[in-house]
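Only one structure is covered here, and it is reproduced in the block below.
The values are calculated or read from the model by the stated rules, or taken from the named source; none is laboratory data. The model shown is predicted, which means the values in this text are computed figures rather than measured ones. Cβ: placed from backbone, ideal geometry, glycine included. Neighbour counts: every protein chain shown. Calculation scope for accessible area: heavy atoms of the full protein, side chains included, ligands and nucleic acids excluded. Shrake-Rupley method; radii C 1.70, N 1.55, O 1.52, S 1.80 Å.
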Amino acid sequence: MKFILSTLSIIILRCCWGPSDYQIMQSLEPENSTLKELSGLYNIAQISYADVSTFNLNISFDKNTKQASGFSGCNRFYGSYLLDNEMLKFGAMASTKMLCQDAANAIESKMLKALEDANTILFSESGFSLFKNKTLLVVATKEIQTMLSFEYGASSRGYFKHIKIDNKHISVSSKRGKDAIIKNCSESDWNKLVSAIENIEVKYIENLDPPSKKHQFDGAPMARLTITKNGTVYKTQGFDDGNPPEAIASLVKEILSIAENIE
């Protein structure tokens, strides 16, 4: 509702007095000076003046590496950014190459174009807006933190691996009965996992059929993914280590990649 009122206010004020969108948003958000950095994951609410919340667009920022990444409607994108007070500029964005329906492709083009053109940012209590001259490009809201953790276990008679990751720590154990290696989870690694889970219906992962079943005959270690979300535990069926069901393949890949970097 706040975004709808802001959009209407912009249109009305411009018709009457002709100030820029940036000036109007400044007057609507007098508290914007309380936040002056980009960090974590944000949902995209509007592109230009259109509500795009149903497309689940998002963007995340790692303030240490100055890297941005997110979901643009069809593909994942990633690239650099530079923030200097109210000036914001994105570097060239790379993206995955998935094929999607026309509506998703159209939204994606608009979002990437908005990031390409943006040169000014205005922070608000709930997030930020991006501008170029008089054009409002993107309005975003900070995503509410979800209680989330991931566990990946794989074992056979001669193999063992257990990985547990939450937004604070990464724990990796490669031998039964041995102490796990525990390190802090970086903001960048956590954002990768959060992004990877976005398109997964976690309540249905127990119904995913494994693409191969060599583990049933000791032909491969048996693996299992466990996701705990807001206190509810979701587990997959056993599957061959290294060959997860397609729906969770990207998430498993990120979990294994993060674990490899700390061993």
For segment 151-231: relative contact order, % (alpha-carbon pairs under 8 angstrom, 6 or more apart): 31 percent
Environment charge of Asn105, counting only residues whose C-beta is closer than 13 Å and scoring Lys/Arg +1, Asp/Glu -1: +1
With the 8 Å Cα cutoff and a minimum separation of six or more residues, segment 34-108 has a relative contact order in percent of 21 percent
Sparse-neighbour loop sites [trypsin sites (Lys or Arg not before Pro); segment 110-211; at most 12 other C-beta within 10 Å; DSSP]: Arg157, Lys168, Lys175, Arg176, Lys178
Provide Met98, Met93 ordered by accessible surface of protein heavy atoms (probe 1.4 Å), highest first. Met98, Met93
Using each residue's phi in segment 187-202, evaluate 6.51 cos²θ - 1.76 cosθ + 1.60 at θ = phi - 60° and report the 3J(HN,Hα) Karplus result to the nearest Hz, with x for Gly and Pro. 4, 5, 5, 5, 4, 4, 5, 4, 5, 5, 8, 4, 9, 9, 7, 4
Averaged per residue, what accessible area in Å² does segment 74-166 show with a 1.4 Å probe, protein chains only? 54 Å²
Portion, in percent, of the accessible area of segment 118-263 that falls on carbon or sulfur, probe 1.4 Å: 45 percent
Theoretical gain in end-to-end length, Lys214 to Val233 [0.36 nm per residue, Cα-Cα removed]: 4.2 nm
List every residue whose amide H lies under 5 Å from the amide H of Ala220, counting only residues 5 or more places away in sequence or on a different chain, with H placed 1.01 Å from N in the peptide plane. His215
So if we plug the beta-carbon distance of Lys183 and Met147 into 1/(1 + (r/R0)^6) with R0 = 22 Å, what FRET efficiency do we get, rounded to 0.05? 0.60
FRET efficiency, Leu82 to Glu125 (Cβ-Cβ, R0 25 Å, nearest 0.05): 0.55
Karplus-derived 3J(HN,Hα), 6.51/-1.76/1.60, for each residue of segment 158-173, Hz, glycine and proline x: x, 8, 8, 8, 9, 10, 9, 9, 10, 6, 10, 9, 10, 10, 10, 10
Over 22 Å between C-alpha atoms is what I'm after, so list which of Lys164/Lys213; Lys229/Lys253; Lys63/Lys183 land there. Lys164/Lys213
